[in-house]
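Here's the structure, in structure tokens; my notes come after.
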Amino acid sequence: MTQNFHIDIRDGARIAVFAAIIAVLGLPGAIPAFGGAVPITAQTLGVMLAGVILGPWRGAAAVVVFEVLVAVGLPLLSGGRGGLGVFVGPSVGYLIGWIIGAFVIGLIVRADRRRPIWWRTALGCVVGGIVVVYAVGIPVQAWATQLPLAQTAVASTVFLPGDILKSVVATLITVALWRAYPRAFGSESSVAHSAKPVKTDQSADSTISDEAAR
């Protein structure tokens, strides 16, 4: 069911690339939505793509690398935030949820090492990228802000349209990337993508024997 966690040089490079993608998606900053009351960021899209393309362990590792860089002070979070302070604020639950969410996305989409078909990609992004992240982030936010859990959950629903849109975008990118460059998903995926049925020698020998017996 789960892929064995083994990292080689190429895996390390891919993990670093996706950590950088998550960071780059924070450069536009927070996008005001619903009258500017709640900001929407694009970095969850990077988390979704990491889980889908790298798989569960490597996808989660990419998010961990990104968050370690944030912890040491690099201003990589949307709005130029960084440092240990962000890990003791209301958003820490969502940062933890990103790691778990990337893992869950990878489990749903890539655990069987099959090609990432669109419906499973969309399901993984919704379950891991939205449900899991909210399930961790909302209770921690309620605890940090001393607000009722129900009130925090209702307030967080304003993020849903943006997160659903990011799930759609992640699905479209994944399908297009698989068709154009399956090697991005790892060597096992590219082999599966290019593999074709080959007539075995045993089958050929059997055919020759049948013809000789006639």
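The values are calculated or read from the model by the stated rules, or taken from the named source; none is laboratory data. Quantities reported herein were computed from a predicted structural model and do not represent experimental measurements. Note that we place each Cβ from the backbone using ideal geometry, even for glycine, and neighbour counts take in every protein chain shown.
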Handout entry: segment 179-194 - residue that is among the small types (Gly, Ala, Ser) and part of a helix (DSSP H, G or I) and, of those, modelled with the highest pLDDT
Key = ALA180
Exercise for the section: Residue by residue through segment 58-84, note down the ones that are surrounded by fewer than 21 Cβ atoms within 10 Å (Cβ to Cβ), outside any loop (DSSP other than H, G, I, E, B) and among the small types (Gly, Ala, Ser). Expected result: ALA71
Exercise for the section: Test ALA37 against the stated conditions and say whether it is at pLDDT 95 or above and either of a type in the set (Lys, Arg) or surrounded by fewer than 22 Cβ atoms within 10 Å (Cβ to Cβ) (or both). Expected result: no
Exercise for the section: Would you confirm whether any residue within segment 142-156 is over 28 Å from PHE185 (Cβ atoms) and touching a strand residue (DSSP E or B) at 6+ places or on another chain (Cβ under 8 Å)? Expected result: yes
Handout entry: Cross-chain or 6+ apart pairs with Cβ under 7 Å, segment 121-137 first and free of Cβ contacts under 8 Å to residues at least 60 places away in the same chain, then in a helix (DSSP H, G or I) and among the aliphatic types (A, V, I, L, M)
Key = LEU123/ILE108; VAL127/VAL104; VAL127/ILE108; VAL132/ILE100; VAL132/VAL104; VAL136/ILE96; VAL136/ILE100
